Amino acid sequence: MPVTDYSSLIDAPTWGFIRQTDAFYPANTAARGIAEQRALYDAMARAFHHGTPAGVTSQDDTIAGQPCRIYHGALPTVIYLHGGGFVVGGLESHDDVCAEICARTGFQVVSVDYRLAPEHVHPAAFQDALAVTKAIAAQGPYVLAGDSAGGTLAASVAQNLRQEAPAKGLVLIYAGLGGDVDKGSYLVHANAPMLTRDDVICYASIRFKNGRVSAHDHTAHPLLDKDFTDLPPTVAFSAECDPHADDGRDYCARITAAGGSATWHLERGLVHGYLRARATVPRAAQSFERMIDAIQELGAATVGTIR
């Protein structure tokens, strides 16, 4: 596999973020026991929590049988699906991210606590995300957003509901969308800080029964879909130093080739998980601004205004 010189790609503030993350969530964590992984991840999330912006209120409730956290705001609803490799994470791990999206956009945000593997293998998480989205769609317009595994779910739900209850927009944040792990960024960034190719393969082995998924199951890997027509306007963000980097590019390319609207941002020098660096790393802060702008623009289009 190629050897990538991250000393020249990654700047000092980002290296500081990487070291801080590694102090809580060491590089070999994906191979540890599930309970230990979750405990380490939760501790890391608490350490990086930036607090709740003034004026933002939330409540925990159940939607379509799934625990959710609702951040109060105006329509449209931003349905947020958290990352964590389908193994870790929940309402607490992305609480401050969702609160900031609510504060910055003014939109209602619903964070979904979908079931996790290995207790609940695929398609459990997809089924949960789909059920919650259908329930919210029945009440008004919505935008789908998610990071990492949550981005995978967001894309899969958008594809599944494109006719029945289409999303008004889709925002994908360093999502793993089912690209070939033997090509492109999966090899160039096989040993990237924060997420390696081996990590990707390890999480997949936990997510699927016997570590296998059908080669045609686009509910698991959105890039496996044969039809990219009629998908919502999409904005995808990829970290440059991430095995998943090419997935966002390829997904957007297929949407535009099918006549749809899609924009891809390759965030230079950033690494998987950089949402947690938005308060300390200038590059991450600038990317988060672009995410907020994308959500605002997509959301504003649902009510007939442009901001």
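The values are calculated or read from the model by the stated rules, or taken from the named source; none is laboratory data. Not measured: the values here are computed from a predicted model. Please note: Cβ atoms are built from the backbone with ideal geometry, for glycine as well, and neighbour counts cover all protein chains shown. Please note that ligands, DNA and RNA were not included when accessible areas were found on the heavy atoms of the full protein model with its side chains. Shrake-Rupley method; radii C 1.70, N 1.55, O 1.52, S 1.80 Å.
For the reader, a short list of remarks on this structure follows.
- Using only side-chain charges placed at the Cβ, +1 for Lys and Arg and -1 for Asp and Glu, the dipole size of segment 67-186 relative to its Cα centre rounds to 400 debye.
- List HIS72, HIS221, ordered by accessible area with a 1.4 Å probe, largest first: HIS72, HIS221
- Pairwise label distance in nanometres, ALA27 with THR229, each label 7 Å out on the Cα-Cβ vector: 4.8 nm
- Ordering LEU40, SER111, SER238 by the projection of their Cα atoms onto the charge dipole of the chain, which places +1 on the Cβ of Lys and Arg and -1 on the Cβ of Asp and Glu, puts SER111 at the extreme positive end.
- A simple spin-label model places the labels of THR57 and ARG19 4.3 nm from each other, with each point 7 Å out along Cα-to-Cβ.
- When the residues SER8, SER205 are ordered by accessible surface, computed with a 1.4 Å probe over the protein chains alone, the sequence from largest down reads SER8, SER205.
- Within the chain, percent of DSSP bridges classed antiparallel, to nearest 5: 25 percent
- Cα pair distances of segment 117-267 binned at 5 Å [whole percent]: 2, 10, 19, 24, 20, 15, 7, 2, 0
- Inter-probe distance in nm under a simple model that places probes 7 Å from Cα toward Cβ, at ALA135 and SER7: 5.3 nm
- Gain on full stretching of the segment that runs from LYS183 to ALA257 - 0.36 nm per residue minus C-alpha separation: 24.5 nm
- Protein-only accessible surface order, largest first, of GLU92, GLU240 at 1.4 Å: GLU92, GLU240
- Mean ellipticity per residue at 222 nm, deg cm²/dmol - from DSSP H runs of n ≥ 4 across the chain, formula -39500 (n - 2.57): -12000 deg cm²/dmol
- The spacing between segment 175-193 and segment 201-277, judged by their C-alpha centroids, is 11 Å.
- Three-way shape label, the chain, alpha-carbon gyration tensor, a/c 1.5: rounded
- Loop-located trypsin sites (Lys or Arg not before Pro) in segment 121-213 (DSSP state other than H, G, I, E, B) with a sparse environment of at most 14 neighbouring Cβ atoms within 10 Å: LYS183, ARG212.
- A Cβ-based charge dipole, computed about the Cα centre of the chain with Lys and Arg at +1 and Asp and Glu at -1, lands at about 160 debye.
- Remark on ALA175: its backbone amide H falls under 5 Å from those of SER148, PHE237, a criterion applied only to residues 5 or more positions apart or on other chains, H modelled at 1.01 Å from N.
- In straight-distance terms, cross-link reach from LYS168 covers every one of the aspartates and glutamates whose alpha-carbon lies under 17 Å from its own, apart from those fewer than eight places away in the same chain; here that gives ASP230, ASP293, GLU297.
- Measuring r between the beta carbons of HIS216 and GLU289 and using R0 = 30 Å, the FRET efficiency lands at 0.20.
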